[in-house]
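The values are calculated or read from the model by the stated rules, or taken from the named source; none is laboratory data. Every value quoted in this text rests on a predicted model; they were computed, and no experiment measured them. Cβ placement follows ideal geometry from the backbone for every residue including glycine, while neighbour counts extend to all protein chains displayed.
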There are 2 protein chains.
Amino acid sequence: MEVQIAVAKINKYATSESGDTLEVVERPSGGLSVVLADGQTSGRGAKAVSQMVVRKVIGLLAEGVRDGAAARAASDALYTDKQGKVISTLNIASVDLYSGTIVLTRNNPSPMYICHGDQIERRDEESIPLGISRNVRPLITEISIEPRLIIVIYTDGLTHAGKRRGQPMDVGLTLRSILDGQDLSPQVLADSLLAQAVSLDDNRPADDISVLVLKVAARTGDNVRRMTVRLPIDGSFRA
Amino acid sequence: MEVQIAVAKINKYATSESGDTLEVVERPSGGLSVVLADGQTSGRGAKAVSQMVVRKVIGLLAEGVRDGAAARAASDALYTDKQGKVISTLNIASVDLYSGTIVLTRNNPSPMYICHGDQIERRDEESIPLGISRNVRPLITEISIEPRLIIVIYTDGLTHAGKRRGQPMDVGLTLRSILDGQDLSPQVLADSLLAQAVSLDDNRPADDISVLVLKVAARTGDNVRRMTVRLPIDGSFRA
(Lines give C-alpha, C1' and ligand atoms only; values in the text may rest on other atoms or scores of the structure.)
Protein backbone atom coordinates (compact mmCIF):
# COMPACT_ATOMS: atom_id res chain seq x y z
CA MET A 1 0.00 0.00 0.00
CA GLU A 2 0.93 3.62 -0.22
CA VAL A 3 -0.30 6.53 1.87
CA GLN A 4 -0.67 9.67 -0.21
CA ILE A 5 -1.18 13.06 1.39
CA ALA A 6 -1.99 16.30 -0.41
CA VAL A 7 -2.50 19.83 0.79
CA ALA A 8 -3.90 22.87 -1.02
CA LYS A 9 -3.68 26.17 0.80
CA ILE A 10 -4.61 29.74 -0.09
CA ASN A 11 -4.47 33.03 1.79
CA LYS A 12 -7.41 35.31 2.44
CA TYR A 13 -7.66 37.75 -0.47
CA ALA A 14 -5.10 40.58 -0.34
CA THR A 15 -3.25 39.27 2.72
CA SER A 16 0.32 38.09 2.42
CA GLU A 17 0.25 35.97 5.56
CA SER A 18 -2.01 32.97 6.16
CA GLY A 19 -3.36 32.35 9.67
CA ASP A 20 -3.21 28.65 8.85
CA THR A 21 -0.01 26.72 9.50
CA LEU A 22 0.62 23.20 8.28
CA GLU A 23 3.70 21.09 8.85
CA VAL A 24 4.74 17.48 8.52
CA VAL A 25 6.92 15.58 10.96
CA GLU A 26 8.34 12.06 10.98
CA ARG A 27 7.15 9.91 13.87
CA PRO A 28 10.06 8.38 15.81
CA SER A 29 8.34 4.97 15.84
CA GLY A 30 7.64 5.04 12.09
CA GLY A 31 5.29 6.96 9.83
CA LEU A 32 4.50 10.65 9.82
CA SER A 33 2.10 13.24 11.15
CA VAL A 34 0.54 16.22 9.42
CA VAL A 35 -0.31 19.04 11.82
CA LEU A 36 -2.71 21.83 10.80
CA ALA A 37 -3.68 24.81 12.97
CA ASP A 38 -5.83 27.84 12.29
CA GLY A 39 -5.23 30.78 14.65
CA GLN A 40 -8.04 33.12 15.57
CA THR A 41 -8.47 36.25 13.34
CA SER A 42 -6.20 36.64 10.32
CA GLY A 43 -2.84 38.12 9.36
CA ARG A 44 0.30 38.30 11.50
CA GLY A 45 -1.32 37.67 14.90
CA ALA A 46 -3.14 34.56 13.74
CA LYS A 47 0.00 33.31 12.04
CA ALA A 48 2.02 33.64 15.24
CA VAL A 49 -0.62 31.67 17.18
CA SER A 50 -0.98 28.85 14.65
CA GLN A 51 2.79 28.61 14.28
CA MET A 52 3.22 28.38 18.03
CA VAL A 53 0.62 25.60 18.25
CA VAL A 54 2.10 23.63 15.34
CA ARG A 55 5.67 23.98 16.66
CA LYS A 56 4.60 22.79 20.10
CA VAL A 57 2.73 19.77 18.72
CA ILE A 58 5.48 18.83 16.26
CA GLY A 59 8.18 19.08 18.90
CA LEU A 60 6.24 16.72 21.18
CA LEU A 61 5.36 14.23 18.42
CA ALA A 62 9.04 14.12 17.42
CA GLU A 63 9.87 13.11 21.00
CA GLY A 64 7.37 10.23 20.84
CA VAL A 65 4.54 11.90 22.78
CA ARG A 66 1.15 10.57 21.69
CA ASP A 67 -1.09 12.76 19.54
CA GLY A 68 -3.80 13.38 22.15
CA ALA A 69 -1.28 14.36 24.80
CA ALA A 70 0.48 16.70 22.34
CA ALA A 71 -2.85 18.43 21.56
CA ARG A 72 -3.64 18.85 25.29
CA ALA A 73 -0.17 20.25 25.94
CA ALA A 74 -0.50 22.77 23.09
CA SER A 75 -3.90 23.83 24.44
CA ASP A 76 -2.56 24.33 27.97
CA ALA A 77 0.42 26.30 26.64
CA LEU A 78 -1.86 28.55 24.57
CA TYR A 79 -4.28 29.04 27.49
CA THR A 80 -1.44 29.88 29.86
CA ASP A 81 0.02 32.35 27.39
CA LYS A 82 -3.21 34.10 26.36
CA GLN A 83 -5.55 33.45 29.35
CA GLY A 84 -8.26 32.08 27.08
CA LYS A 85 -8.42 35.23 24.94
CA VAL A 86 -6.90 33.65 21.82
CA ILE A 87 -7.88 30.25 20.47
CA SER A 88 -6.69 28.03 17.66
CA THR A 89 -8.11 25.00 15.91
CA LEU A 90 -5.93 21.93 15.55
CA ASN A 91 -6.07 18.81 13.39
CA ILE A 92 -3.45 16.07 13.46
CA ALA A 93 -3.50 13.30 10.85
CA SER A 94 -0.96 10.61 11.72
CA VAL A 95 0.13 7.59 9.73
CA ASP A 96 1.27 5.41 12.61
CA LEU A 97 3.30 2.51 11.24
CA TYR A 98 3.77 1.15 14.76
CA SER A 99 0.05 0.43 15.22
CA GLY A 100 -0.81 0.15 11.51
CA THR A 101 -3.46 2.83 11.87
CA ILE A 102 -4.35 6.35 10.86
CA VAL A 103 -4.87 8.42 14.00
CA LEU A 104 -6.99 11.55 13.59
CA THR A 105 -6.96 14.16 16.35
CA ARG A 106 -9.42 17.03 16.13
CA ASN A 107 -9.91 20.24 18.10
CA ASN A 108 -11.88 21.98 15.41
CA PRO A 109 -15.61 22.72 15.12
CA SER A 110 -15.26 22.10 11.35
CA PRO A 111 -16.12 18.47 10.66
CA MET A 112 -14.00 16.01 8.73
CA TYR A 113 -14.95 13.36 6.19
CA ILE A 114 -13.94 9.71 6.18
CA CYS A 115 -14.63 7.88 2.92
CA HIS A 116 -14.40 4.15 2.26
CA GLY A 117 -15.04 3.68 -1.44
CA ASP A 118 -18.50 5.12 -2.14
CA GLN A 119 -19.34 5.52 1.52
CA ILE A 120 -18.86 9.12 2.70
CA GLU A 121 -19.09 9.64 6.43
CA ARG A 122 -19.27 13.11 7.97
CA ARG A 123 -17.70 13.30 11.44
CA ASP A 124 -19.10 16.33 13.22
CA GLU A 125 -19.10 15.43 16.91
CA GLU A 126 -18.75 18.62 18.91
CA SER A 127 -15.11 19.64 19.14
CA ILE A 128 -13.70 22.76 20.74
CA PRO A 129 -10.55 24.65 19.76
CA LEU A 130 -7.35 24.83 21.79
CA GLY A 131 -6.80 27.54 24.38
CA ILE A 132 -10.46 28.12 25.28
CA SER A 133 -10.17 26.75 28.83
CA ARG A 134 -8.19 24.32 30.92
CA ASN A 135 -8.73 20.63 30.16
CA VAL A 136 -9.58 20.90 26.49
CA ARG A 137 -10.14 17.35 25.26
CA PRO A 138 -9.29 16.35 21.68
CA LEU A 139 -11.47 13.93 19.69
CA ILE A 140 -9.43 10.94 18.58
CA THR A 141 -10.44 8.61 15.74
CA GLU A 142 -8.32 5.58 14.87
CA ILE A 143 -8.78 3.74 11.56
CA SER A 144 -6.93 0.78 10.05
CA ILE A 145 -4.71 1.59 7.08
CA GLU A 146 -6.70 0.01 4.26
CA PRO A 147 -6.88 0.63 0.52
CA ARG A 148 -9.62 3.00 -0.72
CA LEU A 149 -9.65 5.01 2.51
CA ILE A 150 -9.89 8.78 1.95
CA ILE A 151 -9.85 11.38 4.71
CA VAL A 152 -10.67 15.05 4.16
CA ILE A 153 -9.76 17.68 6.76
CA TYR A 154 -10.01 21.46 6.41
CA THR A 155 -9.96 24.81 8.17
CA ASP A 156 -13.19 26.81 8.50
CA GLY A 157 -12.32 29.03 5.53
CA LEU A 158 -13.67 26.23 3.36
CA THR A 159 -17.11 26.32 5.00
CA HIS A 160 -17.15 30.15 5.12
CA ALA A 161 -16.74 30.30 1.36
CA GLY A 162 -19.79 31.73 -0.43
CA LYS A 163 -21.41 33.02 2.76
CA ARG A 164 -20.79 36.61 1.69
CA ARG A 165 -23.22 36.20 -1.19
CA GLY A 166 -25.58 33.82 0.62
CA GLN A 167 -24.46 30.70 -1.23
CA PRO A 168 -22.41 28.83 1.37
CA MET A 169 -20.24 25.90 0.37
CA ASP A 170 -21.69 22.44 1.04
CA VAL A 171 -18.51 20.44 1.55
CA GLY A 172 -20.20 17.01 1.66
CA LEU A 173 -22.15 17.60 -1.53
CA THR A 174 -19.11 18.96 -3.35
CA LEU A 175 -17.00 16.04 -2.16
CA ARG A 176 -19.62 13.53 -3.35
CA SER A 177 -19.81 15.12 -6.79
CA ILE A 178 -16.00 15.18 -7.12
CA LEU A 179 -15.51 11.58 -5.97
CA ASP A 180 -18.43 10.11 -7.98
CA GLY A 181 -16.88 6.68 -8.41
CA GLN A 182 -13.61 8.09 -9.76
CA ASP A 183 -10.18 7.10 -8.49
CA LEU A 184 -8.66 10.57 -8.11
CA SER A 185 -5.33 11.55 -6.61
CA PRO A 186 -5.54 13.37 -3.27
CA GLN A 187 -4.05 16.48 -4.90
CA VAL A 188 -6.90 16.57 -7.43
CA LEU A 189 -9.40 16.15 -4.57
CA ALA A 190 -7.85 18.91 -2.46
CA ASP A 191 -7.48 21.23 -5.46
CA SER A 192 -11.10 20.65 -6.53
CA LEU A 193 -12.52 21.40 -3.09
CA LEU A 194 -10.40 24.54 -2.80
CA ALA A 195 -11.27 25.67 -6.34
CA GLN A 196 -15.00 25.35 -5.60
CA ALA A 197 -14.60 27.46 -2.44
CA VAL A 198 -12.55 30.13 -4.21
CA SER A 199 -15.07 30.30 -7.02
CA LEU A 200 -17.95 30.78 -4.51
CA ASP A 201 -15.97 33.74 -3.15
CA ASP A 202 -15.57 35.26 -6.65
CA ASN A 203 -11.84 34.41 -6.62
CA ARG A 204 -11.30 36.60 -3.54
CA PRO A 205 -11.21 34.17 -0.60
CA ALA A 206 -12.90 35.71 2.46
CA ASP A 207 -10.65 33.69 4.77
CA ASP A 208 -7.49 31.58 4.74
CA ILE A 209 -8.37 28.10 3.46
CA SER A 210 -6.41 24.87 3.91
CA VAL A 211 -7.56 21.49 2.63
CA LEU A 212 -5.77 18.28 3.59
CA VAL A 213 -6.57 14.98 1.88
CA LEU A 214 -5.10 11.65 2.91
CA LYS A 215 -5.62 8.60 0.72
CA VAL A 216 -4.54 4.97 1.06
CA ALA A 217 -3.82 3.54 -2.38
CA ALA A 218 -2.88 0.10 -3.58
CA ARG A 219 0.91 -0.07 -3.92
CA THR A 220 2.33 1.59 -7.01
CA GLY A 221 5.66 -0.14 -7.37
CA ASP A 222 8.78 1.17 -5.71
CA ASN A 223 9.94 1.86 -2.14
CA VAL A 224 10.64 5.51 -2.76
CA ARG A 225 9.24 8.17 -0.42
CA ARG A 226 8.35 11.30 -2.31
CA MET A 227 7.46 14.83 -1.41
CA THR A 228 6.71 17.88 -3.53
CA VAL A 229 6.06 21.45 -2.48
CA ARG A 230 4.86 24.22 -4.76
CA LEU A 231 5.15 27.78 -3.52
CA PRO A 232 3.79 30.54 -5.78
CA ILE A 233 5.66 33.83 -5.31
CA ASP A 234 4.72 37.18 -6.75
CA GLY A 235 8.19 38.56 -7.35
CA SER A 236 7.60 41.70 -5.25
CA PHE A 237 9.89 40.83 -2.36
CA ARG A 238 9.92 42.88 0.80
CA ALA A 239 13.59 43.76 0.70
CA MET B 1 7.09 32.68 -10.47
CA GLU B 2 6.70 29.48 -8.55
CA VAL B 3 9.27 27.62 -6.49
CA GLN B 4 8.85 23.86 -6.83
CA ILE B 5 10.62 21.45 -4.50
CA ALA B 6 10.74 17.69 -4.84
CA VAL B 7 12.31 14.98 -2.73
CA ALA B 8 12.89 11.29 -3.50
CA LYS B 9 14.18 9.16 -0.65
CA ILE B 10 14.93 5.46 -0.26
CA ASN B 11 16.32 3.35 2.57
CA LYS B 12 19.42 1.19 2.40
CA TYR B 13 18.37 -2.27 1.25
CA ALA B 14 16.73 -4.38 3.97
CA THR B 15 16.69 -1.65 6.60
CA SER B 16 13.43 -0.22 7.84
CA GLU B 17 14.93 3.00 9.12
CA SER B 18 16.68 5.64 7.04
CA GLY B 19 19.64 7.52 8.53
CA ASP B 20 18.55 10.50 6.45
CA THR B 21 15.99 12.93 7.84
CA LEU B 22 14.32 15.64 5.80
CA GLU B 23 11.80 18.19 6.97
CA VAL B 24 10.27 21.41 5.76
CA VAL B 25 9.55 24.46 7.89
CA GLU B 26 7.90 27.79 7.16
CA ARG B 27 10.18 30.81 7.66
CA PRO B 28 8.64 33.41 9.98
CA SER B 29 9.61 36.22 7.59
CA GLY B 30 8.15 34.45 4.55
CA GLY B 31 9.09 31.44 2.46
CA LEU B 32 10.23 28.03 3.61
CA SER B 33 13.30 25.96 4.36
CA VAL B 34 14.05 22.33 3.57
CA VAL B 35 16.46 20.74 6.03
CA LEU B 36 18.26 17.48 5.18
CA ALA B 37 20.65 15.62 7.49
CA ASP B 38 22.49 12.32 7.12
CA GLY B 39 23.69 10.80 10.40
CA GLN B 40 26.86 8.72 10.53
CA THR B 41 26.40 4.93 10.03
CA SER B 42 22.91 3.57 9.28
CA GLY B 43 19.84 2.31 11.09
CA ARG B 44 18.44 3.49 14.42
CA GLY B 45 21.54 5.30 15.70
CA ALA B 46 21.98 7.32 12.53
CA LYS B 47 18.27 8.15 12.51
CA ALA B 48 18.44 9.52 16.04
CA VAL B 49 21.40 11.73 15.13
CA SER B 50 19.92 13.11 11.90
CA GLN B 51 16.57 13.69 13.61
CA MET B 52 18.25 15.56 16.43
CA VAL B 53 20.12 17.77 13.96
CA VAL B 54 17.04 18.49 11.84
CA ARG B 55 14.87 19.24 14.90
CA LYS B 56 17.47 21.63 16.26
CA VAL B 57 17.85 23.47 12.95
CA ILE B 58 14.10 23.64 12.28
CA GLY B 59 13.35 24.93 15.76
CA LEU B 60 15.88 27.74 15.33
CA LEU B 61 14.74 28.65 11.79
CA ALA B 62 11.14 28.83 13.05
CA GLU B 63 12.31 31.40 15.62
CA GLY B 64 13.88 33.54 12.89
CA VAL B 65 17.51 32.49 13.46
CA ARG B 66 19.51 32.75 10.25
CA ASP B 67 20.49 29.56 8.42
CA GLY B 68 24.23 29.74 9.05
CA ALA B 69 23.75 30.37 12.77
CA ALA B 70 21.29 27.47 12.98
CA ALA B 71 23.82 25.14 11.33
CA ARG B 72 26.57 26.24 13.75
CA ALA B 73 24.26 25.77 16.72
CA ALA B 74 23.32 22.24 15.60
CA SER B 75 27.00 21.40 15.16
CA ASP B 76 27.90 22.66 18.63
CA ALA B 77 25.00 20.74 20.16
CA LEU B 78 26.04 17.53 18.40
CA TYR B 79 29.70 18.01 19.36
CA THR B 80 28.79 18.67 23.00
CA ASP B 81 26.56 15.60 23.08
CA LYS B 82 28.90 13.14 21.31
CA GLN B 83 32.38 14.67 21.90
CA GLY B 84 33.17 14.57 18.18
CA LYS B 85 32.57 10.82 17.91
CA VAL B 86 29.39 11.10 15.84
CA ILE B 87 28.98 13.41 12.89
CA SER B 88 26.16 14.35 10.57
CA THR B 89 25.95 16.11 7.24
CA LEU B 90 23.53 18.99 6.85
CA ASN B 91 22.03 20.83 3.88
CA ILE B 92 19.53 23.66 4.19
CA ALA B 93 17.76 25.00 1.10
CA SER B 94 15.77 28.12 1.96
CA VAL B 95 13.38 30.10 -0.16
CA ASP B 96 13.72 33.45 1.58
CA LEU B 97 10.90 35.73 0.47
CA TYR B 98 12.26 38.54 2.65
CA SER B 99 15.48 38.84 0.63
CA GLY B 100 14.10 37.37 -2.60
CA THR B 101 16.85 34.78 -2.66
CA ILE B 102 17.51 31.08 -2.36
CA VAL B 103 19.94 30.52 0.51
CA LEU B 104 21.89 27.25 0.39
CA THR B 105 23.74 26.12 3.51
CA ARG B 106 26.06 23.14 3.23
CA ASN B 107 27.98 21.04 5.76
CA ASN B 108 28.36 18.05 3.50
CA PRO B 109 31.37 16.75 1.56
CA SER B 110 28.93 15.74 -1.21
CA PRO B 111 28.77 18.56 -3.75
CA MET B 112 25.62 20.21 -5.04
CA TYR B 113 24.66 21.34 -8.50
CA ILE B 114 23.30 24.74 -9.52
CA CYS B 115 21.84 24.88 -13.03
CA HIS B 116 20.78 27.94 -14.99
CA GLY B 117 19.20 26.69 -18.19
CA ASP B 118 21.86 24.63 -19.97
CA GLN B 119 24.64 25.74 -17.63
CA ILE B 120 25.37 23.09 -14.99
CA GLU B 121 27.68 24.19 -12.20
CA ARG B 122 29.16 21.74 -9.71
CA ARG B 123 29.78 23.29 -6.30
CA ASP B 124 32.32 21.17 -4.49
CA GLU B 125 34.24 23.54 -2.23
CA GLU B 126 35.50 21.60 0.78
CA SER B 127 32.76 21.30 3.38
CA ILE B 128 32.89 19.40 6.65
CA PRO B 129 30.02 17.74 8.50
CA LEU B 130 28.53 18.89 11.79
CA GLY B 131 29.88 17.66 15.11
CA ILE B 132 33.46 17.01 13.98
CA SER B 133 34.99 19.80 16.09
CA ARG B 134 34.16 23.14 17.60
CA ASN B 135 33.68 26.04 15.19
CA VAL B 136 32.42 24.10 12.21
CA ARG B 137 31.71 26.66 9.49
CA PRO B 138 28.90 26.14 6.97
CA LEU B 139 29.27 27.13 3.31
CA ILE B 140 26.57 29.62 2.36
CA THR B 141 25.52 30.32 -1.23
CA GLU B 142 22.88 32.94 -2.00
CA ILE B 143 21.19 33.10 -5.41
CA SER B 144 18.43 35.34 -6.75
CA ILE B 145 15.08 33.63 -7.32
CA GLU B 146 14.95 33.57 -11.11
CA PRO B 147 13.13 31.37 -13.61
CA ARG B 148 15.05 28.36 -14.99
CA LEU B 149 17.12 27.95 -11.82
CA ILE B 150 17.51 24.31 -10.74
CA ILE B 151 19.36 23.20 -7.61
CA VAL B 152 20.24 19.57 -6.88
CA ILE B 153 21.28 18.47 -3.38
CA TYR B 154 21.82 14.91 -2.14
CA THR B 155 23.20 12.70 0.58
CA ASP B 156 26.32 10.62 -0.07
CA GLY B 157 24.28 7.46 -0.77
CA LEU B 158 23.81 8.83 -4.29
CA THR B 159 27.55 8.98 -4.96
CA HIS B 160 28.21 5.62 -3.25
CA ALA B 161 25.82 3.92 -5.66
CA GLY B 162 27.51 1.46 -7.98
CA LYS B 163 30.83 1.45 -6.04
CA ARG B 164 30.23 -2.14 -4.91
CA ARG B 165 30.58 -3.34 -8.48
CA GLY B 166 33.19 -0.76 -9.51
CA GLN B 167 30.83 1.39 -11.57
CA PRO B 168 30.28 4.45 -9.39
CA MET B 169 27.55 6.94 -10.18
CA ASP B 170 28.63 10.12 -11.98
CA VAL B 171 26.01 12.56 -10.73
CA GLY B 172 27.00 15.43 -13.05
CA LEU B 173 26.94 13.25 -16.15
CA THR B 174 23.61 11.67 -15.20
CA LEU B 175 22.11 15.09 -14.45
CA ARG B 176 23.30 16.45 -17.81
CA SER B 177 21.78 13.53 -19.69
CA ILE B 178 18.46 13.86 -17.83
CA LEU B 179 18.20 17.63 -18.28
CA ASP B 180 19.30 17.67 -21.96
CA GLY B 181 17.31 20.77 -22.90
CA GLN B 182 14.07 19.37 -21.47
CA ASP B 183 11.80 21.28 -19.07
CA LEU B 184 11.23 18.56 -16.49
CA SER B 185 9.45 18.78 -13.16
CA PRO B 186 11.70 18.58 -10.10
CA GLN B 187 10.01 15.31 -9.11
CA VAL B 188 10.98 13.74 -12.44
CA LEU B 189 14.55 15.00 -11.96
CA ALA B 190 14.81 13.66 -8.40
CA ASP B 191 13.19 10.34 -9.35
CA SER B 192 15.49 9.90 -12.35
CA LEU B 193 18.67 10.53 -10.35
CA LEU B 194 17.51 8.15 -7.63
CA ALA B 195 16.44 5.49 -10.14
CA GLN B 196 19.87 5.58 -11.80
CA ALA B 197 21.58 5.11 -8.41
CA VAL B 198 19.29 2.25 -7.40
CA SER B 199 19.84 0.55 -10.73
CA LEU B 200 23.66 0.80 -10.30
CA ASP B 201 23.19 -0.99 -6.95
CA ASP B 202 21.15 -3.79 -8.60
CA ASN B 203 17.97 -2.51 -6.90
CA ARG B 204 19.53 -3.07 -3.46
CA PRO B 205 20.72 0.38 -2.35
CA ALA B 206 24.01 0.10 -0.41
CA ASP B 207 23.12 3.20 1.62
CA ASP B 208 20.22 5.51 2.40
CA ILE B 209 19.76 7.93 -0.48
CA SER B 210 17.94 11.28 -0.48
CA VAL B 211 17.72 13.58 -3.49
CA LEU B 212 16.33 17.12 -3.20
CA VAL B 213 15.60 19.21 -6.29
CA LEU B 214 14.50 22.84 -6.19
CA LYS B 215 13.31 24.54 -9.34
CA VAL B 216 12.10 28.06 -10.07
CA ALA B 217 9.44 27.97 -12.76
CA ALA B 218 7.53 30.66 -14.58
CA ARG B 219 4.20 31.18 -12.82
CA THR B 220 1.56 28.56 -13.53
CA GLY B 221 -1.61 30.43 -12.71
CA ASP B 222 -3.09 30.39 -9.22
CA ASN B 223 -2.00 31.47 -5.74
CA VAL B 224 -2.43 28.03 -4.22
CA ARG B 225 0.37 26.50 -2.17
CA ARG B 226 0.48 22.77 -2.67
CA MET B 227 2.21 19.87 -0.99
CA THR B 228 2.07 16.13 -1.60
CA VAL B 229 3.68 13.32 0.33
CA ARG B 230 3.81 9.69 -0.78
CA LEU B 231 4.75 7.09 1.80
CA PRO B 232 5.00 3.46 0.63
CA ILE B 233 4.19 0.99 3.42
CA ASP B 234 4.65 -2.73 3.32
CA GLY B 235 1.66 -3.76 5.41
CA SER B 236 3.76 -5.72 7.94
CA PHE B 237 3.35 -3.39 10.89
CA ARG B 238 5.40 -3.82 14.02
CA ALA B 239 2.48 -4.15 16.39
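A few comments on the model shown:
- Some residue of the range A:186-197 being closer than 19 Å to residue A:1 by Cβ and in contact with a Ser or Thr (Cβ under 6 Å, 6 or more places away or on another chain): yes
- Tally, over the range B:203-233, of residues that are facing chain A (nearest Cβ under 8 Å) and charged (D, E, K, R): 5
- Within the range A:167-185, not a single residue is facing chain B (nearest Cβ under 9 Å), under 24 Å from residue B:191 (Cα atoms), in contact (Cβ under 8 Å) with a residue 12 or more places away in the chain and surrounded by 18 or more Cβ atoms within 10 Å (Cβ to Cβ).
- Some residue of the range B:91-107 being surrounded by fewer than 19 Cβ atoms within 10 Å (Cβ to Cβ) and either closer than 15 Å to residue B:131 by Cβ or without any contact (Cβ under 8 Å) to a residue 24 or more places away in the chain (or both): no
- Residue B:66 basic (Lys, Arg) and within 20 Å of residue B:100 (Cα to Cα): yes
- Residue B:132 being free of Cβ contacts under 8 Å to residues at least 24 places away in the same chain and either at positive phi or not in a strand (DSSP E or B) (or both): no
- Extreme residue, nearest to residue B:53 (Cα to Cα), among residues of the range A:60-85 that are in contact with a Gly (Cβ under 7 Å, 6 or more places away or on another chain) and not aliphatic (A, V, I, L, M): A:75
- A single entry from A:211, A:224 fulfils the requirement of being of a type in the set (A, V, I, L, M, F, W, C), touching a strand residue (DSSP E or B) at 6+ places or on another chain (Cβ under 7 Å) and modelled with pLDDT of 95 or more: A:211.
- The residues in the range A:108-152 that are hydroxyl-bearing (Ser, Thr, Tyr), within 27 Å of residue B:234 (Cα to Cα) and surrounded by 18 or more Cβ atoms within 10 Å (Cβ to Cβ) can be counted, and the count is 1.
- Top-ranked residue of the range B:27-68 - restricted to ones that are over 24 Å from residue B:3 (Cα atoms) and among the basic types (Lys, Arg), ranked as surrounded by the fewest Cβ atoms within 10 Å (Cβ to Cβ): B:44
- Residues located in the range A:190-202, provided they are under 18 Å from residue A:167 (Cα atoms) and at the interface with chain B (Cβ under 9 Å from one of its Cβ atoms): A:194, A:195, A:198
- Residues that are at positive phi and surrounded by 21 or more Cβ atoms within 10 Å (Cβ to Cβ) are absent from the range B:204-223.
- Candidate set from the range A:69-80 (those that are over 21 Å from residue A:103 (Cβ atoms) and in contact (Cβ under 8 Å) with a residue 40 or more places away in the chain); member that is nearest to the chain's Cα centre (by Cα): A:78
- Residue match in the range B:95-111 (condition: more than 22 Å from residue B:158 (Cα to Cα) and among the small types (Gly, Ala, Ser)): yes
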